[in-house]
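Undergrad: Handing you this structure, nothing more for now.
The values are calculated or read from the model by the stated rules, or taken from the named source; none is laboratory data. None of these values were measured; they are calculated from a predicted model. Note: ideal-geometry Cβ built from the backbone for every residue, glycine included; neighbour counts use all protein chains shown. Ligands, DNA and RNA are stripped out before the accessible areas are found, and what is left, the full protein with its side chains, is counted by its heavy atoms. Shrake-Rupley method; radii C 1.70, N 1.55, O 1.52, S 1.80 Å.
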Amino acid sequence: MATMVRTTFETPAGRFGVLATEAGVRAVLLPSSKLRRSTPRAADPAAEAVAAHAATELREYLDGERQAFDFPLDWSLAGGAQRVVLETLHDIAPYGHVVTYGELARRSGCPGGARAVGQVMARNPLPLVVPCHRVVAAGGLGGYGGGLPLKRWLLALEGATTLELPDATAVSSPSL
């Protein structure tokens, strides 16, 4: 089993975290996550380097200085149809653009449609990097594991207010 390390960092949107192995980032922890200080403890210089690199890029993104990430991903927490949907989202939703749950379901060939995609988004281990905040409902913002204030803040950070969002007024304020 790969050694996993955790690092946390402060941003304008709160305390975030990264779980990484030497293979790549395995999870991004949002401020609403339980950022336990006690685990994992194991030190692995390669995993620590990945985590530090990812934390720097994520902080730059949340400071409005970066639009894409170049650190490696460890997809081991996502498998099967979940991974297909997450990889499709990663490929089709660039910075500042949104996609509906239904469109993501169609483009990823997800059985069960929009509701199934919503379930996948709720279990996304790599939020921000696999941008589930960019997935919106046909008639509004939809949900977000980090909370709707954070989703609105992220979409405003990316300038998504200029897009044809179903509920554009919901993302007009960048404050949390």
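Undergrad: To the nearest whole percent, what portion of all C-alpha pairs in the range 27-112 is separated by more than 17 angstrom? It would help to have the intermediate numbers written out before the result.
TA: Details: 2310 of 3655 pairs.
The answer is 63 percent, as a whole percent.
Undergrad: Which of the chymotrypsin sites (Phe, Trp or Tyr not before Pro) found in the range 29-135 are loop residues per DSSP with 13 or fewer other Cβ atoms within 10 Å of their Cβ? Can you show the working numbers first?
TA: Details: sites: Y61, F69, W75, Y95, Y101; in loops: F69, Y95.
Sparse-neighbourhood loop chymotrypsin sites (Phe, Trp or Tyr not before Pro): none present.
Undergrad: What do you get for the angle between helix 113-122 and the principal long axis of the chain? Use alpha-carbon atoms, 0 to 90 degrees, nearest ten.
TA: Relative to the chain, helix 113-122 is tipped by roughly 30 degrees.
Undergrad: Then there's this: Return one number: the angle in degrees, 0 to 90 and rounded to the nearest 10, between the long axis of the Cα atoms of helix 80-92 and the longest principal axis of the Cα atoms of the chain.
TA: 70 degrees
Undergrad: Which value, in debye to the nearest 20, describes the size of the charge dipole of the range 40-101 about its Cα centre when Lys and Arg Cβ atoms bear +1, Asp and Glu Cβ atoms bear -1, and nothing else is charged? If you can, show how the numbers build up before the last one.
TA: Values: 4 positive and 10 negative charges, 44 e Å.
Rounded to the nearest 20 debye, it is 220 debye.
Undergrad: What is the Å³ per residue value for the convex hull set by the Cα atoms of the range 64-155? Each step should come with its number before you reach the end.
TA: Values: hull volume 8.1 nm³, N = 92.
Hull volume normalised by residue count: 88 Å³.
Undergrad: For the chain, what does the accessible surface come to per residue with a 1.4 Å probe? Please give it in Å².
TA: Numbers: 8390 Å² over 176 residues.
Heavy-atom accessible area per residue stands at 48 Å².
Undergrad: With +1 on each Lys and Arg Cβ and -1 on each Asp and Glu Cβ, how big is the dipole of the chain about its Cα centre, in debye rounded to the nearest 20?
TA: 720 debye
Undergrad: Anyone know which of L77, L30, L141 comes out most mobile in the 10 Å Cα GNM of the chain?
TA: Per the Cα network of the chain with a 10 Å cutoff, L77 tops the list.
Undergrad: Ignoring the sites themselves, what is the longest stretch of the chain with no GluC sites (Glu not before Pro) in a DSSP loop and at most 15 other beta-carbon atoms within 10 Å?
TA: Answer - 66-163.
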